[in-house]
Amino acid sequence: MRKVLLVVSLLFACLVMAQLAADVPRNETFIANQLTGRVGTPGNFNLWAGWRWQDRGIQNLLLEPLWCVEYATGEIINALAAEPPIYNSDFTELTIKLRKGVYWSDGVLFTADDVVYTIELLKRVPGMSYNAQLQEVAEVKKLDDYTVVVKLTGSNSRFHTYLLDRWGALRILPKHVFEKVEDPMTFEFNPPVGTGPYVLKGYDPGGYWTLWELRKDWERTPTGMLYGKPAPKYVLIQTFGTAEQQVLAMARHELDAADLTMEGLRAVLQRVNTARAWRRDFPWSVNIDPCVTGLHFNNAVEPYNNPEVRWALTLAIDIVEYAGNAFDGAVTLSPIHLPLTSAYYDWYFTRIEEWLKSLELDLGDGQKFKPYDPTAGERLAEYAKKRGYKVPTDPGEIKKIFGPGWYKYAPDVAEKLLIKNGFKRDPKTGKWLLPNGKPWTITILTTTNPAHPSYRNGFAASQAWKKFGIDVTVMTSDALATLGQRGEFEITTDWPAAEPWGGHPDLFRVFDPYNSEYLVPIGENAPWGNYGRWTNPEMDAVIAKLKDTDWNDTEGIVTVGLEGLKLLIKEMPGIPTFNYPGVVAWDEYYWTNYPGAENMYCQPYHHWPNFKYMLPFLKPTGKK
Amino acid sequence: MKTLRDLLRDGRFKFAFAVCLILLILSVMSFFSPYDPYRWNVVPRDLSPQWPHLFGTTSTGQDIFWLLTFAVRNSLTMSLIASMVSRVIAIIIGLTAGHKGGKVDKTLMFISDSFLIIPLLLIIIMFAVMVRGRMNLAGLGLLLGMFGWAWDARVIRSQVLSLRERDFIYTAVLSGSSTLSIVFKEYMPFLIPLVFATLIGNMSWAIGMEIVLAILGVLNLETPLIGTMLYWAINYQSILLGYWWWILTPVMTSVFLFIALYLMSVSISEYLDPRMRIQRVGRA
Amino acid sequence: MTQAGAFTRPGIFSKEVEVLRFFRTYFLPRILIYFLVIVVGVTIVFVIPRLLPMDPIQQMIGQITSTGAYLDPKAMNYMIETLKELYGLKGSLWEQYWSFWKRLFRGDFGPSYFQFPVPVISLIRQSLPWTLGLLLTTTLVSWILGNVLGALGGYFPQKSWAKILDVISMVIRPMPYYVLALSLLLLFAYFIPVFPLGGGFLIGGRIRFDLRSILILLKHAFLPAMSLILLGVFLWFQAMKLVVQSVKNEDFVSYAKLGGLSQSKIVRRYVMRNAMLPQITGLALSLGQIFSGALITEIVFSYPGLGTLLYNAIFTGDYNLLMGIMSMSIFVITTSILVIDLLYPIFDPRVRYR
């Protein structure tokens, strides 16, 4: 018996070893969580052949795009491209000027040959990414080693956006590697070769981690040229699974950047004294994500095809209680169909604020009502204070943190609007009845992930409308994409409008899905951003005007954009509630100088392609 | 009544009976709940157990005690439906197959095997997804019941196979007893302990499945069930944030529920089995 | 006398007659059922994913558009057609069914949709060793341990250790597995940090065939294995105990006792051998369930394996991957049931002479 115990304890002793391999020192490594979960094809880095978990380091460390959106500063970074795109007068030809002196990680010079080869290859082979979009290309050729000309089959002033990296883009692949390959679809691209500052050092055959090492010639990459030497020698991108595991890992200082839920963030801040959120104080969450969340009506289905019904449902929401239910108040409200990052706030909100304050709804028989409430942000701050959180007192700060305003909580007005349109309350139960006499039931279709703002919006809305007297059920489904595209829903928590670029005032991306050209009946695929099938001839006019406005004409773009936004608010095809509240947690035990709210030199997420542009600014603390 | 008093002499049954009674009372209390379990934010959030919130409140603003009454009621109903449906199916199929033998046996085992060979959890997930989360309690019970019988049918069948070769069965068959009376008078006394063992197994399996489905998010998460209570508690990080009352309530409830079911079934089956009863008499 | 009559006459041909009869009336039909079950199972496996509301092409498009790529409707229709072609979803259901069987005979499950064009076989091959290693070991260990403890506990129910085990098993069994796993993780990876928080192997290291690698593998597998074994042992313990308790009271046991046989002989040769019968069937089925993977174990402990592979396949509508894994599972389970059924007469002589 004693011998057994001895052997067992010896085994235990042997098993206590360092967490990382011997030659990867912890204090030179940056460990980040992999947002997209465990990699299903760990040995395959060929993201041109399909989904390859690009945030495991491929998009955020290994590859550089031509252009990259930087929504923290509202700019576009010229990475592999040297200048913004140049179109001819009728937008049928795009000229791209490339950056000189960039080398692939295997020592080959990056030239226009790579760009030409990439476009031709992807256009030719069915199934490769962007194959469908590239059919618009009539011809692509190089003018010299650093200039590429793309001739299009038709006029498209936004063609270059395929090459603009916003968590995904058409990236350039190395010609000298792919031209030797027989079948680019089955090619594994292992070990991968890239234009970014890191190269692959190792990966887990089980798919749980990928390890990257700094390139010795980092100064020959756009990151090095623009920003300098990245501080961590190694970057480890690891899948931790559940939020609990990330919290525990951070508590053991085995995780530097985590993606958490609000509750997970609170747990981390409680337990780990070197941890911080993006904003050091409440509400902690990132509010510069270029995305606004809310509710999306199916405008092709009764009674949501009636803008007054949609407005009634909007006014039936008490946004403070809504935000409390969704995220305990830690959100930035947005009354327009744009996220209120500082860039969009300056470009658009300042110019629409007065109009919002004077906006009027017609309640019938001469009554008018002004729905906008400029104090909504302050009321939300009050709620937060009552919950015990520390809240700033400066009204300017409150506007930026909690939102400049939203729509009033006016259930009586909502009632008037509904009655005007034939709705009645059931005298016995007080619940609402449709004009045809049947009880009004709403099913909100949402995602299954409980931390997702989409989900939280769904439950918050169901609570608000239940209070108002409607029978609401929330249906969670992972077939959200399928059902949404086919229009098989009443209300979904898909974004109220498509996300804008983030680093540029152009709103083409937001408006184009509403183009009546794309309108399809229920059962067929609707474009993303307009699953709700709303169209309007005025919006078509706006889209046409925008198409003819050059990408670099800021004033022109903003003027047209404002028209579109005002139309969206009047019609309310979707209800915008608050900015996407991203939650990141950083551990300052090994690394500091993160791009937090007080130091917004760069966007905060490690899974975005901009991660590599953040790394030169991090500072090691020197702890072992 | 005399049976009950007899049973109550067994200490284990006493405990189990008490727990079941408490749970039943809780279920009935749900009809008197002052809060609608489908509404959030009706009470202050994250309160530890204190009057008037006996078990504290959740981060979604719900009273845990009253939520529990609904959860117990729904989980019990659901698992009862599931296990009764599956017991009936399992007994019918297992008995018929074991006793009749031949073609009937082969066909029935064929059907049963077809149910066994498919990875159960995934099929159930797929069915749940197919019904698009609109499933109500009875539906969930039925779904679980339809999949929970295959293994037990085989077990019953193998027991019946061994029993069938015994003399008393031959005696019964040869003396012309009808199949039905053979089933009830001869087989059942031996099968009942087995059936009860599999019944608790099945009830706890049903609740376990309900919990797994809830945690994976495949059920309608607004319905109060033990599984969905757990789900919300886990997802709102109650463990790491120190809201122990929120996570412990569903865990302790399911632990007690299962212990009670097990003890009850063990003592009842001992009581019913004539030979075990003699042992009891000796002990008591 | 008819031909049939000649064959049923006892005599010097008895042994051959017995074997032939066994073959005809038991073996052949059993094999027939085996193949039939597989065909039906595989058909079900083919049909069910297509009943899911998840359309793989829609899910893929949803995935692409949500991660930044902008698809205008013309491009989207083009992509849908291309994908249909590549995924083999063109043509009627019958055509797809037939090509599925043709591929199956070549041992090819086709390409995964979500991770196109990686073949399903290589995806399975990557995750299978982890699942097999973990689940095979834990199933066997908990079966053996649970049955031994259960037999002893059932035979000597009055002993104190048997009672203690009973109480422990009653408490652990009803615990939701997620909570059990999470508690283990908290206890031994956080509060007393002995084991790693997750993963299958050391980060930054390579798996080699040496002692160090094996130790590291064991260290990472310890907590997930422990959680599974705890649950499994007590399951088998309780089941076996019940069976033994009823077997214990059989006449032949009393006769054995009266005949003066030693305790251990009675337990081993009489009680256990009879109690094992339903347990063996149970083992065969448990082994077959390995293919569904231990989904929650993999989630909580970040352990690689088939479970998460399958789970993701459901939600991305990856028909080929679903069909691949489930078909393999069907093969394994039906084969193990077949083996058990054929060997059953060896274990239980009463069944032999039917």
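The values are calculated or read from the model by the stated rules, or taken from the named source; none is laboratory data. Keep in mind that this is a model prediction, so the values were computed, not measured. Here the Cβ positions follow ideal geometry from the backbone for every residue, glycine too, while neighbour counts run over all protein chains shown.
Restricted to region C:209-266, and to residues there that are more than 27 Å from residue B:265 (Cβ to Cβ) and hydroxyl-bearing (Ser, Thr, Tyr), the residue that is surrounded by the most Cβ atoms within 10 Å (Cβ to Cβ) is C:213.
For region A:493-551, which residues satisfy the criterion of being on the phi > 0 side of the Ramachandran plot and more than 11 Å from chain C (Cβ to nearest Cβ)?
A:523, A:533
A count restricted to region A:214-234 and to residues that are in contact with a Gly (Cβ under 7 Å, 6 or more places away or on another chain) and either without any contact (Cβ under 8 Å) to a residue 40 or more places away in the chain or part of a strand (DSSP E or B) (or both) stands at 1.
Go through region B:1-48 and give me each residue that's polar (S, T, N, Q) and not in a loop (DSSP other than H, G, I, E, B). B:3, B:27, B:30, listed by residue number. Against the list (1) farther than 22 Å from residue A:226 by Cα; (2) away from every other protein chain (no Cβ under 12 Å); (3) not in a helix (DSSP H, G or I), the condition residue A:131 fails is (2).
Of all residues in region A:67-87, at least one satisfies being part of a loop (DSSP other than H, G, I, E, B), closer than 24 Å to residue A:549 by Cα, touching a Lys or Arg at 6+ places or on another chain (Cβ under 9 Å) and within 14 Å of another protein chain (Cβ to nearest Cβ).
Yes or no: region A:168-175 includes at least one residue that is within 12 Å of chain C (Cβ to nearest Cβ), surrounded by 22 or more Cβ atoms within 10 Å (Cβ to Cβ) and of a type in the set (Lys, Arg). Scanning region A:168-175 turns up at least one residue that is within 12 Å of chain C (Cβ to nearest Cβ), surrounded by 22 or more Cβ atoms within 10 Å (Cβ to Cβ) and of a type in the set (Lys, Arg).
Note on region A:524-618: enclosed helices (runs of 4 or more DSSP H) holding 1 or more residues that are of a type in the set (Asp, Glu) are A:537-547, A:554-571.
Conditions tested, residue by residue: (1) touching a strand residue (DSSP E or B) at 6+ places or on another chain (Cβ under 8 Å); (2) assigned to a helix (DSSP H, G or I); (3) among the acidic types (Asp, Glu); (4) at pLDDT 85 or above.
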position	(1), (2), (3), (4)
C:121	no, yes, no, yes
C:128	no, yes, no, no
C:148	no, yes, no, no
C:158	no, no, no, no
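If you check A:270, A:245, which single one turns out to be crowded, with 23+ Cβ neighbours inside 10 Å, within 11 Å of chain B (Cβ to nearest Cβ) and of a type in the set (S, T, N, Q)? Residue meeting the stated conditions: A:245.
Within region C:307-341, the set of residues being of a type in the set (Val, Ile, Thr) and either more than 14 Å from chain A (Cβ to nearest Cβ) or on the phi > 0 side of the Ramachandran plot (or both) comprises C:330, C:332, C:333, C:334, C:335, C:337, C:339, C:340.
Is there a residue in region B:49-69 that is under 19 Å from the mean Cα position of the chain (by Cα), outside any strand (DSSP E or B) and crowded, with 20+ Cβ neighbours inside 10 Å? Yes, there is a match, as at least one residue in region B:49-69 is under 19 Å from the mean Cα position of the chain (by Cα), outside any strand (DSSP E or B) and crowded, with 20+ Cβ neighbours inside 10 Å.
On the basis of being surrounded by fewer than 17 Cβ atoms within 10 Å (Cβ to Cβ) and at the interface with another protein chain (Cβ under 8 Å from one of its Cβ atoms), does residue C:51 make the cut? Criteria met by residue C:51.
Scanning region B:239-259 for residues that are at the interface with another protein chain (Cβ under 8 Å from one of its Cβ atoms) and of a type in the set (Ser, Thr, Tyr) gives a single hit, B:254. Quick one: residue A:273 ticks every box in (1) of a type outside the set (A, V, I, L, M, F, W, C); (2) touching a Phe, Trp or Tyr at 6+ places or on another chain (Cβ under 7 Å); (3) part of a loop (DSSP other than H, G, I, E, B) except a single one, so which number is it? Residue A:273 satisfies all of (1) of a type outside the set (A, V, I, L, M, F, W, C); (2) touching a Phe, Trp or Tyr at 6+ places or on another chain (Cβ under 7 Å); (3) part of a loop (DSSP other than H, G, I, E, B) except (2).
Residue B:101 fulfils the conditions (1) surrounded by 18 or more Cβ atoms within 10 Å (Cβ to Cβ); (2) within 14 Å of chain C (Cβ to nearest Cβ) except for a single criterion, (1).
Taking region A:105-121 as the range and being of a type outside the set (Ser, Thr, Tyr) and either surrounded by fewer than 20 Cβ atoms within 10 Å (Cβ to Cβ) or in contact with a strand residue (DSSP E or B) (Cβ under 6 Å, 6 or more places away or on another chain) (or both) as the test, the residues that pass are A:106, A:107, A:108, A:109, A:112, A:113, A:115, A:116, A:119, A:120, A:121.
None of A:255, A:295, A:265 is within 14 Å of chain C (Cβ to nearest Cβ) and crowded, with 22+ Cβ neighbours inside 10 Å except A:255. Filter region A:158-195 down to the residues that are in contact with a helix residue (DSSP H, G or I) (Cβ under 8 Å, 6 or more places away or on another chain) and either assigned to a strand (DSSP E or B) or more than 25 Å from residue A:82 (Cα to Cα) (or both) and list them by number. Correct list: A:165, A:179, A:184, A:187, A:189. The condition of being surrounded by fewer than 24 Cβ atoms within 10 Å (Cβ to Cβ), aromatic (Phe, Trp, Tyr) and closer than 30 Å to residue C:220 by Cβ holds for only one of A:198, A:234, that being A:234.
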